[in-house]
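Notes for the one structure printed next.
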Amino acid sequence: MRDVYDVAIIGLGAVGTATGFLLAEFTNVQSLLFLEKENSAGRIASDRRTNSQTRHPFGGELNYTPEVMKAIKRYSDMIPSYANSKYGRGYDILRRTKSGMVLAVGKSEKDYLRKKFHDTVKPVFPYAELMEGREEIAKLEPYIVRGRRKEEEIGIIKLQADIVDFGELATSFQDNASNGQDKKINVKFNTKVKRIEGVSDGYDVHTHNGGSFSARYLVVSAGSYTLSFAKQLGLGGDFVAFPVAGKFYTSPSVIIGKVYTFQEEGVPFAATHADREWDGAVTRYGPTATPTLMFEKNRPDIKEFIDNLDPVLLDTIISKKAIRNIMIKNVAYSLPGVGRRLFWKYEARKIVPSIPYAHLKPAPEFGGVRTVGINKRTRELKLGEFTLPEIPKDGVNVCANMAPSPGASGCLGIAYKNVVKITKALGLEFDDEEFTKVFGKLPAV
């Protein structure tokens with residue numbers, strides 16, 4: 001006899017757990033299964049050691065259009081709504097920093113900063129301020145000004161910024177979902193999914209330990225492995241996964257909030273930024289972004305790498321100048337011996353001019369792997385999250401979420417879109433009134 005569920009969710013990061021929480025709390029779903037290969041929720045991409053703990057967008061990502069900023073902001077604003085509700089009580093999810101900012105160094109960057117402030121940031125963040133005086137900047141972040149050459153021009157866009165422990169957020173989602181007393185909700189940790197297959201009435205999920213489960217609807221939020229699982233079901237054939245490793249350096253604590261530098265247009269990797277660590281013990285600098293053979297930090301997967309090999313990967317790096325230049329630069333920052341000095345000279349000192357070389361240390365305990373999707377036909381890099389199938393198909397009851405940065409910030413928005421599809425497919429009811437009490441009214445999906 002098969003163990004059958006209405007919905008099975010593979011991956012208990014921020015997106016997977018948020019989907020389960022919304023289903024359990026705001027719909028009449030009767031049975032729900034969580035499958036996670038780690039021993040608790042939020043242990044891989046959502047763990048605060050593997051990401052910058054930033055709730056995006058706070059306005060520092062100047063490569064976003066106003067439309068993209070508005071969409072991400074609306075969904076990321078659901079996090080403080082949740083954290084301050086009855087569901088977030090008892091969890092240390094979110095902390096407000098004294099300041100957040102994007103920093104321009106030099107005349108050309110300042111000119112660009114002014115334009116972006118008026119065209120992109122101010123329309124979405126009315127409280128944002130453009131500051132060009134050193135004294136007022138120093139009041140916010142003294143070490144940005146200290147030791148900087150007098151002739152070097154600087155300017156900032158001052159913003160608000162939050163620090164989020166996305167691992168704690170995922171844990172709270174899973175805990176709240178599991179509280180559904182009148183529903184069949186099971187959580188299987190230490191359970192690695194080996195194979196998925198479509199059957200006449202849904203999907204069969206086979207695990208590494210020989211166990212099998214069935215579901216009428218399947219949600220795959222398995223980080224870098226999402227695309228691989230989707231392809232087992234005939235989805236995502238037009239895409240190839242581009243795994244990128246993010247690494248960090250640290251120094252003694254000198255930054256009070258978050259200081260972002262310019263992110264290039266069309267590049268889905270964050271430019272170097274300096275962030276106050278969660279406990280305030282250090283300042284973290286990064287991330288560097290380099291191609292990697294691994295789909296998860298410190299876990300080589302030769303089979304997955306070989307299965308994913310495609311000429312478009314090399315073509316993308318070579319043919320797209322902005323991507324190529326960033327890759328070359330960040331590979332240099334990872335070289336033994338010279339990498340640390342290069343990063344100190346060209347990245348860390350741009351933000352904190354007075355930082356001694358000896359204070360900047362590699363931080364292998366931080367950083368992780370994110371997978372960017374590349375469309376093999378158009379050579380387009382997908383900026384941020386997307387879900388397969390991109391266009392709903394009759395009989396395909398699957399949401400496969402590719403959610404690299406800023407996916408965790410939009411986890412509740414991605415989950416909401418998942419739940420809209422699930423309720424339609426399974427004929428479930430959604431309690432819009434109770435949902436709106438917590439999160440407000442969302443745009444139609």
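Before moving on, here are some points about what is shown:
- Taking the protein heavy atoms of the stretch 228-377 in the context of the full set of protein chains, the accessible area attributed to carbon and sulfur is 60 percent at 1.4 Å.
- Amide hydrogen neighbours beyond the local backbone of F239, cut-off 5 Å, H modeled: K376
- Averaged over residues, the count of other Cβ atoms within 10 Å places the peptides 206-212, 419-425, 400-406, 123-129 in the sequence 400-406, 419-425, 123-129, 206-212, highest first.
- Among the GluC sites (Glu not before Pro) found in the stretch 358-445, those both in a DSSP coil and sparsely packed, with 16 or fewer other Cβ atoms within 10 Å of their Cβ, are E365, E380, E390, E429.
- Average Cα contact separation per residue, the chain, under 8 Å, 6 or more apart, as relative contact order %: 25 percent
- The chain: proportion of alpha-carbon pairs further apart than 31 angstrom, %: 40 percent
- DSSP beta bridge pairing in the chain, given as percent antiparallel to the nearest 5: 70 percent
- Cα centroid separation - the stretch 1-36 against the stretch 316-392, whole Å: 34 Å
- Taking a sphere under 11 Å around the Cβ of Q30 and counting the other residues whose Cβ falls inside, with K and R at +1 and D and E at -1, yields a net charge of +1.
- At a probe radius of 1.4 angstrom, the accessible area of the stretch 222-304 per residue rounds to 34 square angstrom.
- All Cα pairs of the stretch 124-277, percent lying beyond 24 Å: 60 percent
- Dipole magnitude of the chain about its Cα centre (Cβ charges: Lys, Arg +1; Asp, Glu -1), debye to nearest 20: 1420 debye
- Residue-by-residue Karplus 3J(HN,Hα) for the stretch 19-27, coefficients 6.51, -1.76, 1.60, Hz, glycine and proline x: 4, x, 4, 5, 5, 5, 8, 10, 10
- Residues in the stretch 28-118 average 41 Å² of solvent-accessible surface per residue, probe 1.4 Å, ligands and nucleic acids excluded.
- Applying a DSSP loop filter and a limit of 15 other Cβ atoms within 10 Å to the GluC sites (Glu not before Pro) in the stretch 234-325 leaves E264, E265.
- N190 sits among other residues whose Cβ lies under 9 Å from its own Cβ, and their net charge, with Lys and Arg +1 and Asp and Glu -1, is +1.
- Value at 222 nm in deg cm²/dmol, rounded to 500, when DSSP H runs of n ≥ 4 in the chain each add -39,500 (n - 2.57): -8500 deg cm²/dmol
The values are calculated or read from the model by the stated rules, or taken from the named source; none is laboratory data. Quick caveat: nothing in here was measured; it's all calculated off a predicted structure. Positions of Cβ are generated from backbone atoms using ideal geometry, with glycine treated the same way; all protein chains shown enter the neighbour counts. Surface accessibility is based on the protein's heavy atoms, side chains included, excluding ligands, DNA and RNA. Shrake-Rupley method; radii C 1.70, N 1.55, O 1.52, S 1.80 Å.
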